[in-house]
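Student: First, the structure itself, so that you have it in front of you.
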Amino acid sequence: MKAKFYLVWMVSLIALTMSASDFVDDINNGSGQRPAGRRVIYEMNVGSFTAEGTFAAAQQQFGELKTLGIDIVWLMPIYPRGGGINSPYAATDFQQTNPQYGTIADLKALVTAAHNLDMEVWLDWVPNHTATDARWVTEHPEYYKKRGDSFVHPNNYGDVYQLDYSNAALQKAMNDCLKFWIDEADVDGYRCDYISSPEIPTSYWQTTIPEIKGYKAGKTITFLGEGDIAQDAKRLANVGFDYDYAWQFQSQLANFGPAGYAAARLKAFGNTLLDNSREQSFTRMLYVTNHDQNFNDGGHTLSALYGENRYALCVLAHTLYGMPLIYNGQETGGNQILDYFHDTKINWTSTDTKMKNTLRTLCALKHDVAALDDRTDVEWVTVTNNTSVLAFRRKVDDSEVLVVLNMANTAGSATLTGLTAGEWSLWLDSETISNGTSRKQVTLNTTHVFSLDAKGYRVYVKGVYSEEDAPAPEAYIPTLDSSDEISIFFETPTADSYAVWAWGSLGGGEAYCTHSSWPGDGMTLMGQTDTGKNIYKWLQTKATEAPQYLIISKNGGNTKIYDGIDFVNHGYYVEGQTVPTRIITTATAICKPTADRISYGGEFSPSGQRIQSNRPGIHIRDGKKYVVK
């Protein structure tokens, strides 16, 4: 009998961990490189990306990046670090790798693995400065700018020295380093740091970029410049960069923030971006976060920057114009601050299926729909009856895409006019994407009424495509992401916009919310119970102590689900009840019924609770999932 149980358990567990690919996987895993205007770039800090923090470990995860839909992996600086504060942008040697990451041979193996998956690898290039203890400081002090006999710290950064571009030998040495990585590691491009530095003359880029692009016959080298060339660094408009940062656009989205709801503001941001972009020789990289937004200035998670707007704004940044960027770990929800000075490890056990499924569907759209080429122009769709709904379409030849975003805190409808009537395919639907991808045929009229959920989004593709239903929702199992977190869980029958306002008394009644203005931090929808109730989570890394009190609010206003209730760390709150129903100390099974049943007995959970059951579904023992069927 026992042998039979283990056989059934193993088969069931394998069935649990294996899932069939969907149409999004099929597109993203397709062979061949994407056209230049249909690619997605991923910023990776090698030290943060895996527990090992090495090239070899990162290489093993490239298959996951391919399935996510990544075409280009931009590696943050991989050079040995110096200067005393461990910044990756303070390199001691531009022709060596950080020994903690691995060797040059390891980097070459990583690039080869990427190429085998039809992906490119770009290095982060730091042309303005080196670490104060760089090899060149003693070997070639003439490479550096000086005031009298003293080296210069650019921008008063005490860990780096300014390079002197009036020295032709320095320019040649820098170009030799760029060629070195093409020869030694077969890299495909460079993301160039701080290109707007007044110490780097325009003439340098005018000669260097063509020289490096033409260095090796048959090898394409791409240059991305860190700067808003179209807006702030116009002197670099025609020096050869292929991409710049749409920096102004991201700043505007950040100002729109968690509380924004007016579609007219987003439309104005979009028009500024488009007006600045159409006549440029380069295209733009759009993003909602990267290492600067995530860590610098005190650190900002996606929830802190955008609240519940984060999903719809990701859709906007991926579909409006240019090449979209995904920052490492963003697919988990982007709610972790990653200290790139110390290579904070990404917590891959933290999951936000809504974010991950949204991102991978957006990547598939970028790959498969010609209308989403980087430079395809945008036509705004007229929206009546709802000032919170933004709609636009992009069209090239017979390819057309329609994007509809509802930025309101409540569900609502809107009338769109001037649409192309006929058969359309709904590829991305915010109401079902948490469960998985789906594709559904719909007929749209020239004037059409759309009903959208709060903070909802939809992306339609013109034409007839095969249909695919979203998987039935799997019950979410409440879990703690780490031992030092502060968190609460909230169960509610209504999927909506909920926020936590937490405070204590460290001397002044301080708010513990990352977003320290009312209504506080947005909660993340983690999943559903087996009865279809929604489970939200608020998570913060513990700094000193847990708060004392909290308010849970709804729709960004004064609709308070809880008000002044004593804070219980890891408490599981249920709407309509005034106390936490339980405290989460480990994974708690919420089972989803299935047709077949077996039973097993005599087993106990880590907390000592007997889990003998003939109840079908997923059970937890010793940190592992067991399936009763």
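Student: So what's the gap between the Cα centers of the stretch 244-300 and the stretch 162-227, to the nearest angstrom?
Tutor: Each part's Cα centre sits 27 Å from the other's.
Student: Treating only the Cβ atoms of Lys and Arg (+1) and Asp and Glu (-1) as charged, compute the dipole magnitude of the chain about its Cα centre; round to the nearest 20 debye. Walk me through the intermediate numbers first.
Tutor: Values: 53 positive and 71 negative charges, 262 e Å.
It comes to approximately 1260 debye.
Student: Just how far, in whole angstrom, is the stretch 91-112 from the stretch 21-79 if you go by their alpha carbon centroids?
Tutor: The distance from the Cα centre of the stretch 21-79 to that of the stretch 91-112 comes to 18 Å.
Student: What distance in nm separates the two pseudo spin-label positions at T202 and E379, each 7 Å out from Cα along the beta-carbon direction?
Tutor: 3.7
Student: Under the definition of Cα pairs under 8 Å and six or more residues apart, what whole-number percent is the relative contact order of the stretch 38-125?
Tutor: Working: 137 pairs, mean separation 30.7, N = 88.
That works out to 35 percent.
Student: Note the full-extension length gain between N29 and A472 as 0.36 nm times their separation in residues minus their Cα-Cα distance, in nm to one decimal. Intermediate values should be presented prior to the final figure.
Tutor: Values: separation 443, 0.36 × 443 = 159.48 nm, distance 2.37 nm.
Additional length available on full extension: 157.1 nm.
Student: Still on this model: What does the charge dipole of the stretch 259-376 about its Cα centre add up to, to the nearest 20 debye, if the Cβ of each Lys and Arg holds +1 and the Cβ of each Asp and Glu holds -1? It would help to have the intermediate numbers written out before the result.
Tutor: Details: 11 positive and 12 negative charges, 65 e Å.
Using only the charged Cβ atoms, the result is roughly 320 debye.
Student: Once you charge only the Cβ atoms, +1 for Lys and Arg and -1 for Asp and Glu, what is the size of the charge dipole of the stretch 218-321 about its Cα centre, to the nearest 20 debye? Intermediate results must be reported in sequence, preceding the final value.
Tutor: Values: 8 positive and 10 negative charges, 48 e Å.
With Lys and Arg at +1 and Asp and Glu at -1, about 220 debye.
Student: Given a 1.4 Å probe, how much area per residue of the chain is accessible, in Å²? Show your work: numbers first, answer last.
Tutor: Working: 25070 Å² over 629 residues.
Per residue, the chain has 40 Å² of solvent-accessible surface.
Student: Between A56 and E431, what is the FRET efficiency for a Förster distance of 56 Å, r being their Cβ-Cβ separation, to the nearest 0.05?
Tutor: Working: r = 41 Å, r/R0 = 0.73.
Here the calculated transfer efficiency is 0.85.
Student: Could you give the length gained on full extension between E184 and N167, defined as 0.36 nm per residue of separation minus the Cα-Cα distance, in nm? Walk me through the intermediate numbers first.
Tutor: Details: separation 17, 0.36 × 17 = 6.12 nm, distance 2.60 nm.
Stretched out fully, the E184 to N167 stretch lengthens by 3.5 nm.
Student: With the dipole of the chain worked out from charges on the C-beta (+1 for Lys and Arg, -1 for Asp and Glu) around the Cα centre, which of A408, S434, G37 lies farthest toward the positive end?
Tutor: Highest projection toward the positive end goes to S434.
Student: Roll a 1.4 Å probe over the protein heavy atoms and report the accessible area of K462 in Å², nearest 10.
Tutor: Near enough 50 Å² of accessible area.
Student: Could you check how much of the accessible area of the chain is carbon and sulfur, as a whole percent, using a 1.4 Å probe? Each step should come with its number before you reach the end.
Tutor: Numbers: 12240 of 25070 Å².
Carbon with sulfur: 49 percent of the solvent-accessible area.
Student: What is the distance, in nm, between label points placed 7 Å from the Cα along the Cα-to-Cβ direction at N116 and at S251?
Tutor: Between N116 and S251, the label points sit 4.4 nm apart.
Student: Could you work out [θ]222 nm for the chain from helices alone, using -39500 (n - 2.57) per DSSP H run of at least four and dividing by all its residues? Round to the nearest 500 deg cm²/dmol. Kindly include the intermediate steps, with their values, before the conclusion.
Tutor: Values: 15 runs with 147 residues, N = 629.
Computed mean residue ellipticity for the chain: -7000 deg cm²/dmol.
Student: Something else about it: If each of D149 and Q441 carries a label point 7 Å out from its Cα toward its Cβ, how far apart are those two points in nm?
Tutor: Between D149 and Q441, the label points sit 8.3 nm apart.
Student: Here's a follow-up. Apply 1/(1 + (r/R0)^6) to the Cβ-Cβ distance of D292 and A268, taking R0 = 22 Å, and write down the FRET efficiency to the nearest 0.05. Working shown, then result.
Tutor: On the way: r = 24 Å, r/R0 = 1.09.
Efficiency computed from Cβ-Cβ geometry: 0.35.
Student: If the limit is 21 Å between Cα atoms, which of K179/K219; K66/K356; K66/K440; K108/K219 go over it?
Tutor: K66/K440
Student: Which of N156, G576, T376 sits closest to the plus end of the dipole of the chain, meaning its Cα is farthest towards the positive end, when Lys and Arg get +1 and Asp and Glu get -1 on the C-beta?
Tutor: G576
Student: With r defined as the distance between the Cβ atoms of Q100 and D398 and R0 fixed at 60 Å, what FRET efficiency is calculated, to the nearest 0.05? Walk me through the numbers before you get to the answer.
Tutor: On the way: r = 51 Å, r/R0 = 0.85.
Calculated value: 0.70.
Student: A follow-up question, please. Could you tell me which of the pairs K213/K234; K366/K560; K354/K462 are separated by over 29 angstrom between their Cα atoms in the structure shown? Present the calculation step by step, with values, prior to reporting the outcome.
Tutor: Working: K213/K234 22 Å; K366/K560 40 Å; K354/K462 24 Å.
Violating the 29 Å Cα-Cα cut-off are K366/K560.
Student: If we sort 197-207, 490-500 on the protection proxy, mean other Cβ atoms within 10 Å, highest first, what's the order? Mind dumping the intermediate values first?
Tutor: Values: 197-207: 15.1, 490-500: 20.9.
Order by mean packing, descending: 490-500, 197-207.
Student: Using alpha carbons only, how many angstrom separate the centre of the stretch 392-461 from the centre of the stretch 302-328?
Tutor: 18
Student: Evaluate the relative contact order of the chain (contact order divided by residue number), counting alpha-carbon pairs under 8 angstrom at least 6 apart; express in whole percent.
Tutor: Details: 1384 pairs, mean separation 61.7, N = 629.
Once divided by the residue count of the chain, the mean separation gives 10 percent.
The values are calculated or read from the model by the stated rules, or taken from the named source; none is laboratory data. Note that the coordinates shown come from a computational prediction; the quantities given were computed from them, not determined experimentally. All Cβ positions, glycine included, derive from the backbone under ideal geometry; neighbour counts span all protein chains shown. Heavy atoms of the whole protein, side chains included, go into the accessibility calculation; ligands, DNA and RNA do not. Shrake-Rupley method; radii C 1.70, N 1.55, O 1.52, S 1.80 Å.
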